[in-house]
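Read the structure below first, then the notes.
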There are 2 protein chains.
Amino acid sequence: MAPNRIPGFRAIRLAWLHWAILLLACIAVQAQTDPLPSWNNGAAKQAILNFVRTTTDRGNPNYVPPEQRFAAFDQDGTTWVEHPMYTEIVFAFDLVKQLAPQHPEWKTMEPFKSVIAGDQAAMENFTTKQFEEIFVATHSGMTVEAFHALAKDWLAHAQDPRWHRPYTELIYQPMLEAMRYLRANGYKTYTVTGGGQDFVRVYSEQVYGIPPEQIIGSALATQYTYDAAGKGILVRPPTVLLDNNFSGKPEDIYLFIGRHAKAAFGNSTGDQQMLEYTQAGAGATLEMIVLHDDAQREYAYGPAQGLPATAVGTFTQALYDEAKSKGWFVISMKNDWKRIFAWEK
Amino acid sequence: MAPNRIPGFRAIRLAWLHWAILLLACIAVQAQTDPLPSWNNGAAKQAILNFVRTTTDRGNPNYVPPEQRFAAFDQDGTTWVEHPMYTEIVFAFDLVKQLAPQHPEWKTMEPFKSVIAGDQAAMENFTTKQFEEIFVATHSGMTVEAFHALAKDWLAHAQDPRWHRPYTELIYQPMLEAMRYLRANGYKTYTVTGGGQDFVRVYSEQVYGIPPEQIIGSALATQYTYDAAGKGILVRPPTVLLDNNFSGKPEDIYLFIGRHAKAAFGNSTGDQQMLEYTQAGAGATLEMIVLHDDAQREYAYGPAQGLPATAVGTFTQALYDEAKSKGWFVISMKNDWKRIFAWEK
């Protein structure tokens with residue numbers, strides 16, 4: 001009996017035929033769909049498309065094998081809003097107020113005193129060392145789970161003062177699209193932030209689709225010990241283990257990945273070394289920096305358009321010049337991004 | 001015209017039919033194939049099979065979602081031979097001899113002096129601090145690429161004195177099978193070693209199928225700087241960043257993964273805290289320790305069978321008792337492993 005006389009088999013074959021047609025149709029639609037719909041056509045968008053196209057094409061001399069496909073994204077000012085204050089600083093200030101009753105000494109002790117008093121002028125002039133003191137004080141002395149719960153609770157309730165939305169809604173939609181596009185092409189996306197690793201881990205999977213093991217950030221040490229019931233726990237001593245800023249970024253990328261990233265996205269001098277070290281790797285690489293030049297839809301700061309640098313996001317003229325001389329792509333929020341936030345009209 | 005009158009389509013449909021039959025046949029074979037053929041039937045093998053079965057079954061209360069599937073493997077004495085000396089110690093001793101001409105001061109300076117003189121008795125009595133001195137001296141003062149090249153070259157030429165084989169052939173075949181079986185079921189396998197992270201990274205992908213970003217180990221710091229041409233490079237200062245032994249293991253697993261491992265494999269007191277912390281996580285977990293009780297096929301040491309503990313692989317009576325009281329599985333090399341090495345007859 002010929003196979004096509006068996007009705008069951010024939011039905012299966014027809015089903016296959018339909019699936020095949022559907023599959024081909026999907027591929028055709030896929031090919032026509034813009035993977036970066038929130039980007040205007042321009043050099044920045046083309047740079048991402050070209051990079052992915054050439055590094056995933058086996059016939060291209062710049063082909064990158066899947067196991068080497070890593071892309072590193074700074075967070076503050078690169079994948080979400082950092083102005084007028086880093087979100088984690090707002091969180092830490094709130095935590096100082098929340099924890100103050102357990103620390104009566106803070107009332108007369110800087111920098112805590114100014115935070116408790118809400119002295120805006122003093123807070124704006126805190127030194128790096130004072131910010132670190134606040135970071136350490138608010139992130140240590142508890143189990144890793146207790147910190148996670150504090151951060152999660154704060155993020156669920158806190159709102160940005162300008163848009164009155166949770167901070168996790170202030171993600172740049174074009175960067176989310178770039179992350180997804182890279183992942184769809186075999187790239188592992190990492191957040192590489194000067195902020196706290198454990199803070200970002202609270203929302204990274206949900207917000208960026210980046211799992212906790214792909215978050216590299218500044219980190220306090222942990223200390224293994226036992227709770228009252230003899231169960232193993234990890235608590236945070238007040239000791240900085242990783243300062244993931246400036247040179248810390250390439251150093252920590254190497255610690256976590258053991259390879260160069262192939263693509264790196266940043267927006268400030270804190271990302272300079274990461275961008276340099278990415279470019280120092282073999283083969284094709286992609287380096288991009290976000291220029292905040294859109295006061296209307298977001299903020300404008302940095303010198304590239306004669307705008308003043310601010311305490312955060314120090315996109316200096318020197319960084320701009322280095323970018324231009326080395327072939328890094330400067331992303332203009334104003335010109336390159338069709339929309340900035342997912343909820344934008 | 002009916003589709004089956006088009007010869008091209010008919011050929012395609014027939015090809016599909018053949019593929020489908022082949023696929024079904026493969027699935028059937030797969031179902032009957034033992035994923036752990038180098039394991040004898042017994043409690044240890046059953047523990048692995050049960051753990052994977054229950055944690056990957058959506059209907060089971062102990063189901064573990066894919067994003068939480070992490071398995072941690074100690075290396076020395078757990079996934080390869082550690083007796084009579086850790087491989088990396090042999091490497092470091094050889095490196096001391098190789099680097100000695102650049103360090104004339106070592107001739108009169110312990111512990112280097114004894115290594116250069118080949119004073120076996122002295123070397124066997126080195127303190128932990130002296131081993132660390134040797135580790136730091138031989139692993140620092142060069143770029144990460146230079147160290148990689150040194151280790152790769154050594155591994156290509158060095159041979160174990162007993163079996164006269166490259167050290168990378170002294171991998172325990174049953175553990176390789178456990179790794180592959182876990183990976184086939186969605187687990188990400190990590191090496192979590194007291195040895196040097198960068199040493200293991202040289203061969204981990206090829207030997208264990210574990211990529212560099214899944215190697216957690218002891219590590220020197222790196223320092224970002226520039227070469228003569230102004231290119232960004234990472235060099236090793238003589239500073240220990242991570243001591244991935246004892247409490248360091250759960251601490252570093254948290255640093256790298258941000259979650260508890262669900263399964264952990266070790267063989268000594270250096271793994272105790274990792275095993276404890278794994279068990280302290282929510283839901284089903286698996287903890288296993290390798291007992292070296294096979295003097296004929298490998299080595300016998302540790303107290304569980306009245307054997308003396310040695311300088312390496314301190315599987316103490318206290319650890320054995322903890323394992324028994326907490327439901328960890330003790331793997332007897334003699335009884336649980338049908339064969340130890342891939343090349344064994």
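The values are calculated or read from the model by the stated rules, or taken from the named source; none is laboratory data. These numbers were taken from a predicted model, which means no experiment stands behind them. Note: ideal-geometry Cβ built from the backbone for every residue, glycine included; neighbour counts use all protein chains shown. In case anyone asks, the SASA skips ligands and DNA or RNA and just uses the protein heavy atoms, side chains included. Shrake-Rupley method; radii C 1.70, N 1.55, O 1.52, S 1.80 Å.
Assorted remarks:
- Taking every residue in B:233-241 and counting other chain Cβ atoms within 10 Å of its Cβ, the average works out to 2.
- Here's the picture: charge each Lys and Arg Cβ at +1 and each Asp and Glu Cβ at -1 in region B:154-247, and of B:Ile215, B:Gly230, B:His157 the one pushed furthest to the positive end of that dipole is B:Ile215.
- Calculated label separations, B:Asn41, copies of the chain, 7 Å along the beta-carbon direction, nm: 6.8
- For region B:218-345: rounded, prolate or oblate by the Cα gyration tensor [a/c cutoff 1.5]: prolate
- Summing +1 for each Lys or Arg and -1 for each Asp or Glu among the other residues whose beta-carbon sits under 14 angstrom from that of B:Leu242 gives -4.
- For region A:129-238, taking the reciprocal of the average inverse distance between every pair of different Cα atoms yields a Kirkwood hydrodynamic radius of 15.7 Å.
- B:Val202 exposes around 30 Å² of accessible area when a 1.4 Å probe is run over every protein chain in place.
- Calculated label separations, B:Ala146, copies of the chain, 7 Å along the beta-carbon direction, nm: 4.6
- The amide H of A:Ser332, built 1.01 Å from its N in the peptide plane, has A:Leu291 as neighbours under 5 Å, considering only residues 5 or more places off or on other chains.
- The residues neighbouring B:Gln68, those whose beta-carbon lies less than 9 Å from its own, together hold a net charge of +2 under the Lys/Arg +1, Asp/Glu -1 convention.
- Long-range HN-HN contacts of A:Leu241 with modeled amide H, under 5 Å: A:Ala219, A:Leu220, A:Ala221
- Length gained on full extension, B:Lys129 to B:Arg339: 71.9 nm, using 0.36 nm per residue less the C-alpha separation.
- Dimensionless Rg/Rh of region B:182-276 - Kirkwood Rh, Rg from C-alpha atoms: 1.04
- Filtered trypsin sites (Lys or Arg not before Pro), region A:213-275: DSSP coil and at most 12 other beta carbons within 10 Å: A:Lys231
- Between A:Leu319, A:Leu241, A:Leu291, the GNM of chain A built on Cα springs shorter than 10 angstrom shows A:Leu241 fluctuating the most.
- Taken about its Cα centre, the protein assembly as shown carries a charge dipole of about 3320 debye when Lys and Arg each add +1 at the Cβ and Asp and Glu each add -1 at the Cβ.
- Classification of chain A by its C-alpha gyration tensor yields a prolate form. The axis ratio a/c (a ≥ b ≥ c) is 1.5 or more, and a/b outweighs b/c.
- Placing unit charges on the Cβ atoms only, positive for Lys and Arg and negative for Asp and Glu, gives region B:74-116 a dipole magnitude near 320 debye about its Cα centre.
- Distance from region B:80-112 to region A:154-176 (C-alpha centre basis), Å: 54
- Under the Karplus curve 6.51 cos²θ - 1.76 cosθ + 1.60, θ = phi - 60°, whole-Hz ³J(HN,Hα) for region A:143-157, x wherever Gly or Pro sits: 6, 5, 5, 5, 5, 4, 5, 4, 5, 4, 5, 4, 4, 6, 10
- Among B:Thr87, B:Thr54, B:Thr189, residue whose mean-square fluctuation peaks in a GNM of chain B (springs only between Cα atoms under 10 Å): B:Thr54
- Formal net charge of residues neighbouring A:Ser218 (Cβ-Cβ distance under 11 Å; K, R +1; D, E -1): -4
- Per-atom-type breakdown for the protein assembly as shown gives carbon and sulfur 56% of the accessible area (1.4 Å probe, protein chains only).
- When chain B is treated as a Gaussian network with alpha carbon springs shorter than 10 Å, the biggest mean-square fluctuation among B:Glu145, B:Glu177, B:Glu276 belongs to B:Glu145.
- Annotation note: trypsin sites (Lys or Arg not before Pro) in region B:38-101 located in DSSP loop regions with a Cβ neighbour count of at most 11 within 10 Å are B:Arg58.
- Members of region B:213-229 that become less accessible by 10 Å² or more once partner protein chains are added (1.4 angstrom probe, chain alone as reference): B:Glu213, B:Thr222, B:Tyr224, B:Tyr226
- With Cα atoms, 0 to 90° folded angle of helix B:173-184 axis to chain B main axis: 50
- Among the trypsin sites (Lys or Arg not before Pro) within region A:114-195, those in coil by DSSP and having at most 16 neighbouring Cβ atoms inside 10 Å are A:Arg162.
- Residues in region A:128-142 carry Karplus couplings, in order, of 4, 5, 5, 4, 5, 4, 5, 4, 5, 5, 8, 9, 10, x, 8 Hz; the curve used is 6.51 cos²θ - 1.76 cosθ + 1.60 with θ = phi - 60°, and Gly or Pro positions show x.
- Size of the protein assembly as shown as Cα extents on the principal axes (Å, biggest first): 87, 76, 55
- Protein heavy-atom accessible surface, 1.4 Å probe, per residue over region A:103-238: 43 Å².
- Across the identical copies, how the B:Ala122 labels are spaced - nm, sorted shortest first, 7 Å along Cα→Cβ: 6.1
- Set B:Lys45/B:Lys324; A:Lys231/B:Lys249; A:Lys129/A:Lys188; A:Lys188/A:Lys324 screened for pairs whose C-alpha atoms are more than 24 Å apart: A:Lys129/A:Lys188; A:Lys188/A:Lys324
- Long-range HN-HN contacts of A:Trp80 with modeled amide H, under 5 Å: A:Tyr172
- B versus A: buried accessible surface, summed, Å² (probe 1.4 Å, to nearest 100): 4000
- Residue-wise HN-Hα couplings along region B:90-101, as the Karplus relation 6.51 cos²θ - 1.76 cosθ + 1.60 with θ = phi - 60° gives them from phi, are 4, 4, 5, 4, 4, 5, 4, 5, 5, 8, 3, x Hz; Gly and Pro carry x.
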